[in-house]
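A.B. asks: This structure is in structure tokens; I'll ask about it shortly.
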Amino acid sequence: MRIPWVWIVLSLAVCSGCRATADVGRPASSVWFDERAHDSGLTFVHANGMSGRFYFHEIMGPGAALIDYDNDGDLDVFLVQGKGESRLYRNDLAVQPDGSRTLRFTDVTTQSGIRTTEYGMGVATGDFDNDGCVDLYLTNVGRNQLYRNNCDGTFSDVSRQSGTDGGLASPKLARDPSASGGGWSVSAAFVDYDRDGWLDLFVGHYVSYSVEKNTPCFSLSGRPDYCSPNAYRPEQNRLYHNNHDGTFTDVTTTAGLAGNFGPTLGVVADDFDGDGWVDLYVANDGRENQLWINQHDGTFRNAGLLSGTAVTVDARATGSMGVDAADVDGDGADDVLVTTLTGEGTSLFLRRGPAAFDDAGTRSGIRALSLGATGFGVHTLDADNDGRLDVLSVNGAVRTIESLALAGDRFPFSQRAHLLHNAGGGRFEDVSERAGPAFKLLDVGRGAAFGDIDNDGDTDVVVAGNNGPVRLLINEAGNRKHWVGLRLLTGVRSVRLKADDRPAEAGHYVRKCDAIGAHVEIIREGSPALVRRAATDGSYASASDPRVLAGLGDNSTPPSVRVMWPDGHVERWPAVPIDRYTTLEEGTGR
Amino acid sequence: MTPRQAVVVAFASVAIGCSFKAPAAAPALRPIVMPDLSSVAESVREQARARESALTRTMGSAQATASDRAAAYGEFGKLLLAAEYGDAAETCFANAELLVPDDMRWPYYRGHAYRKTAQPAKAEAAFERALMRQPGNLAAMYWLGETRLDQGRTDAAASVFEQALAIDPRSTSILSGLGHVDLARNDFASAAARFEQALAIDPGATFIHYPLAMAYRGLGNLAKAEAELRQPRAPATSPVDPLMQDVARLLDSAMAYQSRGIDALRRNDAASAAGFFRRATELDPSSASLHHRLGTALFLSGDASGATREFEEALRLSPQLARAHYSLGVILASRRRSAAAIAHFTAAVRAEPDYLEARLALADVLRGLGRAREAMPHYEEVLHRHPDVADAELGYAMSLVILGRRDEARVRFLAGARQHPDRPEFSDALSHLSTGSDTR
């Protein structure tokens, strides 16, 4: 049964006194993150179906999603499986009167109706039908799946009727069964690119590949190993326009995206030129990345090269995997972060003007600190809530690591995750060593989903490893500082009638959905304003918490908040409470 | 560690580091932890065995000098470096450096081993030691600068690049390095000047166009930036580096020869590429992909018959290899063996439905035979996926002419002429259409 608006009530109730919890209910810990997957019931283990034949797809998944599918105010976890079925875990978070909390997850896959049928890669989340319940889009090797949330704890597979399952054939050749296999996609993003109040869908496709077409690949010395994407031709990305009736239309060609694509692994949607319209940044593996600038007419123009984000400053197309967009340098404009292969180093592109970025990977230290790892899932989070965005990446090689192979590791690709602390002044420092034992774990990191899983005011992480157990990194450091938490709800039109719907016009009903793509300016007394984005996209093959969580450091003055909604209009709220979550509804500000 | 590896390590420790009678003041050599070579190519295993044996012999020889021993370690290290075993290679070079501290090669190679294993701070120290042994070595100066730049140490990088430039003022690599230092400092004017200077010295240094574009963009000169972005781009090159060239030529494996062949093709040296690919196929005759590459290089160097043989061999090994079907189709079409060409192009698009080049070629051959009705869906498919492909637009319009649908063709030619002003075929075809002459 769906419980309308319970989220807001619970979030306020659950989170009031969170700061007290951190101070009183939990002993001060020296570690930043504590790994608690198994203890909390997240017992999922990814199986890549490793054959010994180095099939390319084995090494690329999986992703994870944080999704409040039951609207009970806490983030549930969806974990993508390779060989086998993906799983949905309900978060049964319990908060004691003293503010201490117990995390417990229950596998609810069977009752949810989710039955994954293909080899899973990633997941995107968004309320595509505007019914107030978040839906799931699953990317696969093969046809993709769209699961509509029925708002009663169950999902329905609407892949085929929605038109988003990824068949690649044009209508002219649709009768050719070999031309409609769905392809291979990894990262996807729900994005309202035409500002019509309905989430459209971008799906990043990787390479033209199937097990039948597998190409054996070798190292220079002739040792069998996983392929690079160069062994295959890239596959065309897809943009689906939401028809407002539960179906989508493939507008890849008319949007101008058809003729230019690489092997895509990451995507993030954000306004990169400051015109208020959402653009798309697409990370390609070994080819130029793309910055698709929204032309406001349903089309996009690739400004990647001129923007400075297509390649590194020395013109190298890196093996780009994970991606995030956030205001890393605190200048009010979102920057771009891209994880890459070992020896390349993570790219940090700082925005210096409309669709113009400087490659600051070297200057910031991020590149040097990440040279030793192959980065996948990545996010800019304020791990210690000091008001500056840090960087957390999960890592895992794609070519055999000799030292691990020598030690008898049957899957010698594992690497440690990195936590890079924003030290200010545009520089980052590696704090992984003191971030907790979780950062000493060797995993083949791939997807990572970020969000406040225990609703205590700091950002936690679900790490989806390849061929290994899921990790749940609970942040123990953030809420020692002040913070402000926001859920942004925008009024949207829905086609689905619910008991509490307010009629808006014939056939449509106004509902409230997460304002994906909204920007928030948190105006602090005596400190620079913070700009944050409400989003679920980015990272790698994963979907994160759409709420905005901003660290305030030691500043205990309630900030005022300015929201730029996805349709471009702006509202203000004075003195938003700190150390708790507050829901801001579109139309209720000034 | 597997039993074999343990044995090898023990063997290496005993034979290399411990058992021979070392001079009293001999440095403490590190045992080599041998990588697992069980799955590498047999030819590489033989190379490794040979160098390992040579090392063992040298270390056990009472007549061997420190220099001999260092060289034996160094040769083994170079092979391991070429084979991408950076850790083991580093140990070899470390031992070589311990044995003959004055030889710049060993810290230099060690620096590269550290770079391969993403340890820039150690690489920097190694390159510094190499330069102490041989001041003025441009390659070492370049890599020291690059390694410092990797770590964000722009002042230190600039210092070594400036020293290098004083030695060779016409080095495009060094000028480019200095330009990158300027870019990292947001000194766009200086960066643009450096890059322009490098391009003036060597207009073929196309790797400079992109950073130059970034410099102009930083200066606000978007027109110049866009002009630079329209130029061809190639990967950056280092100064002439005989030591690393030696490593690059070392490995005797099919994949290594393939890599050299690909590099040769990038340099438009098809004859050399064919030589490399041929050696690769000798080492791995079962690789359809290698036969296809050899066929491509042969075709580009003018040997169509040899190319045909290689493509056919590729298809014998891998009947679904779309690239080989396409390549063979191209040769057959050029010999006007249309039916056979159609068969291969069809096989290519059946294997890979989004293989646009093959689909376009199939459509063109069908149209050339007057089978416009069969060609058109393929043109449409290409245009559906890639609306900017002028050849598909042109072929589609010409197919309309063949079918007598001249008004529709005119519309398509007009649209094509507007969309592709750089393709005079559209307006030519329109003229022919107006005069009633044959446009096909």
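The values are calculated or read from the model by the stated rules, or taken from the named source; none is laboratory data. Here the structure is a predicted model, which is why all the values come from computation and not from measurement. All Cβ positions, glycine included, derive from the backbone under ideal geometry; neighbour counts span all protein chains shown.
A.B. asks: If you go through segment A:423-441 one residue at a time, how many are more than 28 Å from residue A:331 (Cβ to Cβ) and either without any contact (Cβ under 8 Å) to a residue 40 or more places away in the chain or assigned to a helix (DSSP H, G or I) (or both)?
C.D. replies: Quick first cut of segment A:423-441, residues more than 28 Å from residue A:331 (Cβ to Cβ) only: A:433-434, A:436-441.
Those left that are additionally either without any contact (Cβ under 8 Å) to a residue 40 or more places away in the chain or assigned to a helix (DSSP H, G or I) (or both): A:433-434, A:437-440.
Number satisfying all stated conditions: 6.
A.B. asks: Criterion first (more than 10 Å from chain B (Cβ to nearest Cβ), free of Cβ contacts under 8 Å to residues at least 40 places away in the same chain and in contact with a Lys or Arg (Cβ under 8 Å, 6 or more places away or on another chain)) does residue A:292 satisfy it?
C.D. replies: Answer is yes for this residue.
A.B. asks: Please pick out the residue among A:252, A:247 that is of a type outside the set (D, E, K, R) and closer than 30 Å to residue B:390 by Cα.
C.D. replies: Values: A:247 fails: closer than 30 Å to residue B:390 by Cα.
Checking each option against the conditions leaves just A:252.
A.B. asks: Follow-up. If we keep just the residues of segment A:251-278 that are part of a strand (DSSP E or B) and touching a Ser or Thr at 6+ places or on another chain (Cβ under 8 Å), which is nearest to the other protein chains (Cβ to nearest Cβ)?
C.D. replies: Among those that are part of a strand (DSSP E or B) and touching a Ser or Thr at 6+ places or on another chain (Cβ under 8 Å), it is A:264.
A.B. asks: Now, a different point. Taking the criterion of being facing chain B (nearest Cβ under 9 Å) and assigned to a loop (DSSP other than H, G, I, E, B), would at least one residue in segment A:375-390 satisfy it?
C.D. replies: no
A.B. asks: Among the numbered criteria (1) assigned to a helix (DSSP H, G or I); (2) surrounded by fewer than 19 Cβ atoms within 10 Å (Cβ to Cβ); (3) in contact with a Lys or Arg (Cβ under 8 Å, 6 or more places away or on another chain), which single criterion is violated by residue B:102?
C.D. replies: (1)
A.B. asks: Counting residues that are of a type outside the set (Phe, Trp, Tyr) and at pLDDT 85 or above, which strands (runs of 3 or more DSSP E) fully inside segment A:497-552 reach at least 3?
C.D. replies: A:519-523, A:530-533
A.B. asks: Among the listed residues A:34, A:70, which satisfies the condition of being acidic (Asp, Glu), farther than 19 Å from residue A:188 by Cα and buried (at least 23 other Cβ atoms within 10 Å of the Cβ)?
C.D. replies: A:70
A.B. asks: Looking for something more than 10 Å from chain A (Cβ to nearest Cβ), surrounded by fewer than 17 Cβ atoms within 10 Å (Cβ to Cβ) and in contact with a His (Cβ under 8 Å, 6 or more places away or on another chain) - is there at least one such residue anywhere in segment B:194-209?
C.D. replies: No, every residue in segment B:194-209 fails to be more than 10 Å from chain A (Cβ to nearest Cβ), surrounded by fewer than 17 Cβ atoms within 10 Å (Cβ to Cβ) and in contact with a His (Cβ under 8 Å, 6 or more places away or on another chain).
A.B. asks: Out of all the residues in segment B:221-247, which are surrounded by 14 or more Cβ atoms within 10 Å (Cβ to Cβ), more than 9 Å from chain A (Cβ to nearest Cβ) and small (Gly, Ala, Ser)?
C.D. replies: The answer is B:227, B:238.
A.B. asks: Another question about this same structure. How many of the residues in segment A:330-352 are in contact (Cβ under 8 Å) with a residue 40 or more places away in the chain, at the interface with chain B (Cβ under 9 Å from one of its Cβ atoms) and within 20 Å of residue A:306 (Cα to Cα)?
C.D. replies: Result for segment A:330-352: 0.
A.B. asks: Which residue pairs have Cβ atoms under 9 Å apart, sit 6 or more places apart or on different chains, and have a first residue in segment B:349-367 that is in contact (Cβ under 8 Å) with a residue 60 or more places away in the chain and a second that is surrounded by fewer than 22 Cβ atoms within 10 Å (Cβ to Cβ) and of a type in the set (Gly, Ala, Ser)?
C.D. replies: Pairs found: none.
A.B. asks: A further question follows. Out of segment B:320-346, which residues are surrounded by fewer than 21 Cβ atoms within 10 Å (Cβ to Cβ) and either within 14 Å of chain A (Cβ to nearest Cβ) or more than 21 Å from residue B:305 (Cα to Cα) (or both)?
C.D. replies: B:320, B:346, listed by residue number.
A.B. asks: Next up: In this structure, does residue B:79 turn out to be under 23 Å from residue B:253 (Cβ atoms) and either surrounded by fewer than 19 Cβ atoms within 10 Å (Cβ to Cβ) or in contact (Cβ under 8 Å) with a residue 60 or more places away in the chain (or both)?
C.D. replies: On the way: under 23 Å from residue B:253 (Cβ atoms): yes; either surrounded by fewer than 19 Cβ atoms within 10 Å (Cβ to Cβ) or in contact (Cβ under 8 Å) with a residue 60 or more places away in the chain (or both): yes.
Judged against the criteria, residue B:79 is a match.
A.B. asks: Cβ-Cβ below 9 Å, separation at least six or inter-chain, first residue in segment A:528-553 and aromatic (Phe, Trp, Tyr), second in a loop (DSSP other than H, G, I, E, B): which pairs?
C.D. replies: A:540/A:63; A:540/A:321; A:540/A:322; A:540/A:339
A.B. asks: What is the one condition in (1) assigned to a helix (DSSP H, G or I); (2) more than 14 Å from chain A (Cβ to nearest Cβ); (3) more than 20 Å from residue A:236 (Cβ to Cβ) that residue B:404 does not satisfy?
C.D. replies: (1)
A.B. asks: Could you grab me the full set of residues in segment A:211-252 that are polar (S, T, N, Q) and buried (at least 18 other Cβ atoms within 10 Å of the Cβ)?
C.D. replies: Across segment A:211-252, the qualifying residues are A:219, A:221, A:236, A:237, A:242, A:252.
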